[in-house]
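Undergrad: I have a structure here, written as structure tokens, and I will follow up with some questions on it.
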Amino acid sequence: MASIIAVANLKGGVGKSTIAQNLGVSLRSLGHKVCLVDTDIEQKSTMEWGERREARELPTIQLALSTEERLAREINELAKSHDFVIVDGSPALSEVATKIMMVADLVVVPVMPSGNDYGALEKFLARYDDVKSMLESRGMVLDLGVVMNGYNDRIIVNRAVYEAIKKLEVRIFQTEIGHRAAYQEANLVGMGVGELGDRKAAQEIESLTKEILALVS
Ligand SMILES: Nc1ncnc2c1ncn2[C@@H]1O[C@H](COP(=O)(O)OP(=O)(O)OP(=O)(O)O)[C@@H](O)[C@H]1O
Ligand SMILES: [Mg+2]
């Protein structure tokens, strides 16, 4: 049975797809069987990233696009034949976030350190708490970690948001994902930042992957 990792946040544009894609490539490069599930039927950004990847004949990662209705069934089905199912959450459609969490083992929450994102995070964490309690009453566990994305510790606002999140008593991954052109470029060409050859970004993803593996395996 696979570990199911949901990359989710109620806010759009925080790096859900970026983190999901790079985590997928990273776990694949370690020899795991990985499937990426795109839940954003409007933008399909991870599906399109996968098509660009296929065109370049890079190591294949299975991709699936799922609608809200089929989500739980499809993820559980894919879990049977993979080591990791990574779900790229979609923005705003809050019911999708709940449904993904219901079947996940771990929720990875990318946060871009603006004041705006802090508010969305609080809302998302309240939702997580509800789902977690429901699962616990059925004897199941759900873990969560926040990952700072597009982070620059020399920017005061970034640090302030980080400090505020620390007070929420939530796990924050030690790895901070910096604001780097490599993340944008990798998405455009269907790659992971490691395949693109950006060392600093590759180290960030490698480090995040290690932290995630320590939680789910
Ligand atoms: N660490 C980063 N450094 C630089 N650019 C980034 C970083 N993370 C994400 N981006 C860019 O920010 C934009 C939004 O990222 P992404 O699409 O991953 O967010 P998302 O949460 O999936 O958005 P949506 O809610 O629309 O699905 C993209 O253009 C992406 O390339
Ligand atoms: Mg996205």
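The values are calculated or read from the model by the stated rules, or taken from the named source; none is laboratory data. Computed from a prediction, not measured in an experiment: that's the story for all the values here. A quick note on method: Cβ atoms are made from the backbone with ideal geometry, for glycine too, and the neighbour counts reach across all protein chains shown. For the accessible areas, the whole protein counts, side chains as well, though only heavy atoms, and no ligand, DNA or RNA atoms are used. Shrake-Rupley method; radii C 1.70, N 1.55, O 1.52, S 1.80 Å.
Undergrad: Being farther than 20 Å from residue 184 by Cα, more than 15 Å from ligand 1 (Cβ to nearest atom) and in contact with a Cys (Cβ under 9 Å, 6 or more places away or on another chain) is true for just one of 64, 104. Which residue is that?
TA: Of the residues listed, the single one that is farther than 20 Å from residue 184 by Cα, more than 15 Å from ligand 1 (Cβ to nearest atom) and in contact with a Cys (Cβ under 9 Å, 6 or more places away or on another chain) is 64.
Undergrad: Being over 12 Å from the mean Cα position of the chain (by Cα) and either away from ligand 2 (no atom under 12 Å from the Cβ) or closer than 24 Å to residue 146 by Cα (or both) is the requirement here; does residue 36 meet it?
TA: For residue 36, the condition - over 12 Å from the mean Cα position of the chain (by Cα) and either away from ligand 2 (no atom under 12 Å from the Cβ) or closer than 24 Å to residue 146 by Cα (or both) - is not met.
Undergrad: Here's a follow-up. Quick check on residue 121: is it open to solvent by less than 60 Å² (accessible area, probe 1.4 Å) and either free of Cβ contacts under 8 Å to residues at least 60 places away in the same chain or charged (D, E, K, R) (or both)?
TA: In short, no.
Undergrad: Right, something else. How about region 76-134: which of its residues are polar (S, T, N, Q) and within 16 Å of ligand 2 (Cβ to nearest atom)?
TA: 90, 94, listed by residue number.
Undergrad: Separate question: Quick one: what pairs do we get from region 26-50, first residue closer than 15 Å to residue 191 by Cα and open to solvent by 60 Å² or more (accessible area, probe 1.4 Å), second part of a strand (DSSP E or B) and away from ligand 2 (no atom under 16 Å from the Cβ), C-beta under 7 Å, 6+ apart or different chains?
TA: 28/34
Undergrad: While we're here: Condition (residue is open to solvent by less than 30 Å² (accessible area, probe 1.4 Å) and within 11 Å of ligand 1 (Cβ to nearest atom)) applied to region 51-60: is it met by at least one residue?
TA: The answer is no; no qualifying residue exists.
Undergrad: In region 179-189, which residue that is within 16 Å of ligand 2 (Cβ to nearest atom) and of a type in the set (A, V, I, L, M, F, W, C) is most open to solvent (accessible area, probe 1.4 Å)?
TA: The residue in question is 188.
Undergrad: Which of the residues belonging to region 65-75 are away from ligand 2 (no atom under 15 Å from the Cβ) and either surrounded by 15 or more Cβ atoms within 10 Å (Cβ to Cβ) or not hydroxyl-bearing (Ser, Thr, Tyr) (or both)?
TA: Within region 65-75, 68, 69, 70, 71, 72, 73, 74, 75 qualify.
Undergrad: Then there is this: Which ones in region 8-26 are near ligand 1 (Cβ under 8 Å from one of its atoms) and in contact with a strand residue (DSSP E or B) (Cβ under 6 Å, 6 or more places away or on another chain)?
TA: 9, 14, 15, 16, 17, 19, 20
Undergrad: From (1) touching a helix residue (DSSP H, G or I) at 6+ places or on another chain (Cβ under 7 Å); (2) of a type outside the set (Val, Ile, Thr); (3) in a helix (DSSP H, G or I); (4) open to solvent by less than 70 Å² (accessible area, probe 1.4 Å), pick out the condition that doesn't hold for residue 207.
TA: All conditions pass for residue 207, except number (1).
Undergrad: Output the residues belonging to region 1-24 that are of a type in the set (Lys, Arg) and surrounded by fewer than 24 Cβ atoms within 10 Å (Cβ to Cβ).
TA: 11
Undergrad: Okay, moving on. Condition first: within 21 Å of residue 73 (Cα to Cα) and among the hydroxyl-bearing types (Ser, Thr, Tyr). Can you find one or more residues in region 104-126 that meet it?
TA: No, there is no match, as no residue in region 104-126 is within 21 Å of residue 73 (Cα to Cα) and among the hydroxyl-bearing types (Ser, Thr, Tyr).
Undergrad: Let me ask you something else. Quick check on region 169-178. Is at least one of its residues out of contact with any Ser or Thr (no Cβ under 8 Å at 6 or more places or on another chain) and surrounded by fewer than 12 Cβ atoms within 10 Å (Cβ to Cβ)?
TA: Looking through region 169-178, at least one residue is out of contact with any Ser or Thr (no Cβ under 8 Å at 6 or more places or on another chain) and surrounded by fewer than 12 Cβ atoms within 10 Å (Cβ to Cβ).
Undergrad: Please find, within region 142-158, the residue that is surrounded by the fewest Cβ atoms within 10 Å (Cβ to Cβ) out of those that are more than 16 Å from ligand 2 (Cβ to nearest atom) and assigned to a strand (DSSP E or B).
TA: Ranking the candidates gives 143 first.
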